[in-house]
Amino acid sequence: MSFLDFLRGEFIDVIHWVDDTRDTIVWRFERHGHAIKYGAKLTVREGQVAVFVHEGQLADVFGPGLYELETNNMPVMTTLQHWDHGFRSPFVSEIYFVNTRRFTDMKWGTRNPITCRDPEFGMVRLRAYGTYTMRVTDPARFMTEIVGTDGEFTTDEIEFQIRNHIVSNFSQIVASSGIPVLDMAANTLELGKLVAERIAPRLAEYGLEIPSFYIENISLPAAVEKALDQRTKMGIVGDLSRYQQFSTAEAMTAAASNPGGDGGMGAGLGMGMGMAMANRMAEQMSPEQGGTPPPPPPPDRVWHIAVNGETRGPFSRAELGQMVSRGEFTRQTHVWTPGQDGWKHANDVPELAQLFTVHPPPPPPAS
């Protein structure tokens with residue numbers, strides 16, 4: 001080192017950090033021997049904070065701005081070490097730049113399924129994932145609690161810890177919410193707010209906050225989702241017989257799309273399914289082979305008769321036929337049935353007039 005470089009190094013010191021990454025939270029300003037000169041220029045840009053650490057003790061914190069490091073703007077450092085003048089450095093300290101901007105598109109997700117009680121499906125296992133944004137709100141606490149002496153601290157080093165807090169609280173909130181699985185997609189915004197509020201006090205102890213939290217998806221195991229898809233198909237098709245026809249038609253389409261596969265087995269399978277489907281449709285269309293049953297016969301009518309000004313009955317048609325054979329019911333007997341307009345002679349009712357033709361009339365008188 002030349003004497004001119006030595007003088008320039010002793011008299012001129014510019015301290016700043018230009019972040020060219022997207023994941024660096026803390027960066028330590030590298031200076032030989034951590035020697036900071038009296039009157040050095042400190043530039044802190046927007047979205048940054050400069051933290052001075054002297055002999056392992058957090059000293060001063062500078063927000064965005066341009067500073068000339070002198071005793072009048074470093075009250076804490078002044079009490080820690082006397083300021084000398086000349087070529088010898090007045091103090092030796094470490095300077096850490098803390099990025100206070102929002103770190104976006106941070107990922108979270110459940111590593112293992114969450115077991116919950118669902119009012120419709122019973123015991124179910126859920127998986128979920130999403131994103132969130134994070135930023136440093138208390139640089140001094142963040143340095144003390146998390147970073148320590150790490151010269152370059154990135155989001156990867158804290159993301160795992162935050163994810164554990166998120167998943168733990170998300171599991172408790174979902175398991176105790178009582179929201180049906182099929183309705184959770186409509187409640188992801190409210191669930192996200194609950195999770196963010198639940199973990200906020202814990203993250204504040206680290207000097208962090210989560211300004212926004214998103215639940216992108218809550219899903220069931222693959223086997224359960226497949227069963228739901230089948231249930232949805234059945235609901236769309238309608239009854240089971242049509243669903244069987246629909247499934248058969250799908251199988252025929254798949255077999256016909258590969259007629260040469262397996263030595264023509266696909267084509268044979270498609271023909272067999274087609275014949276089975278035709279037979280099933282014929283059975284449904286034929287009334288003699290399990291088709292629509294015939295309507296039940298109409299109920300028998302009952303009759304009332306009038307004898308000597310009194311109403312008797314009701315009598316069935318068979319009972320009236322027996323009364324004809326005993327001579328208790330004649331063609332002139334007045335009869336009435338529900339729905340008939342007034343009393344009529346039995347001979348005037350076609351249904352009853354037939355009773356008198358079945359039994360022989362009285363024999364003629366002897367000559």
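No lab work stands behind these numbers, since they all come straight from the coordinates. Keep in mind that what you see is a predicted model, and the values were worked out from it rather than measured. Don't worry about glycine lacking a Cβ; one is built from the backbone with ideal geometry, like all the others, and counts go over all protein chains shown.
Details
- Neighbourhood net charge (13 Å Cβ-Cβ; Lys/Arg +1, Asp/Glu -1) for Asp300: 0
- Environment charge at Arg28 (Cβ cut-off 12 Å; Lys +1, Arg +1, Asp -1, Glu -1): -3
- Prolate is the label for the range 103-220, because a/c, from the alpha-carbon gyration tensor with a ≥ b ≥ c as root eigenvalues, is 1.5 or above and a/b exceeds b/c.
- Its residues counted as N, the range 303-358 yields a C-alpha radius of gyration over 2.2 N^0.38 Å of 1.00.
- Projected label points at Glu145 and Ala306, each 7 Å from Cα along the beta carbon direction, are separated by 10.3 nanometres.
- A simple rule links phi to the HN-Hα coupling: the Karplus curve 6.51 cos²θ - 1.76 cosθ + 1.60 with θ = phi - 60°, which for the range 341-347 gives 7, x, 7, 9, 5, 4, 5 Hz, with x for Gly and Pro.
- Net length gained if the chain between Glu157 and His334 were fully extended (0.36 nm per residue, minus Cα distance): 53.2 nm
- The mean sequence separation of alpha-carbon pairs under 8 Å and at least six residues apart, normalised by the residue count of the range 303-358, gives a relative contact order of 31 percent.
- Length added when fully stretched, Ala185-Arg101, from 0.36 nm per residue minus Cα-Cα: 27.2 nm
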